[in-house]
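Chemist: Take a look at the following structure, please.
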Amino acid sequence: MGRSVFECGTCDRTVQPDAAIRSSTFGGLDDDRWETMCCPHCGERLKTVFVG
Ligand SMILES: [Zn+2]
């Protein structure tokens, strides 16, 4: 299974998906469909993913 990891451009660390902090989305996206993955080290947003 090719699990993708996130790379934080702010603190230059690689973040495993399991370690990423999931938070509510910004900008009015539907929280039931989208979640934002944040860096556990610096809190920077890494990616917003579609969850259904
Ligand atoms: Zn970071």
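The values are calculated or read from the model by the stated rules, or taken from the named source; none is laboratory data. Predicted model, so just to flag it, every value in this text is computed and none were measured. Virtual Cβ from ideal backbone geometry, glycine too; neighbours counted across all protein chains shown.
Chemist: Taking strands (runs of 3 or more DSSP E) that do not extend beyond the chain, which have at least 1 residues that are loosely packed, with under 10 Cβ neighbours inside 10 Å and away from the ligand (no atom under 14 Å from the Cβ)? First the steps, then the outcome.
Modeler: Values: elements: 21-23, 34-38, 45-50.
Result: 45-50.
Chemist: Additional query: Give the residues of the range 1-34 that are among the hydroxyl-bearing types (Ser, Thr, Tyr) and at pLDDT 90 or above, sorted by residue number.
Modeler: Residues satisfying the conditions are Thr10, Thr14.
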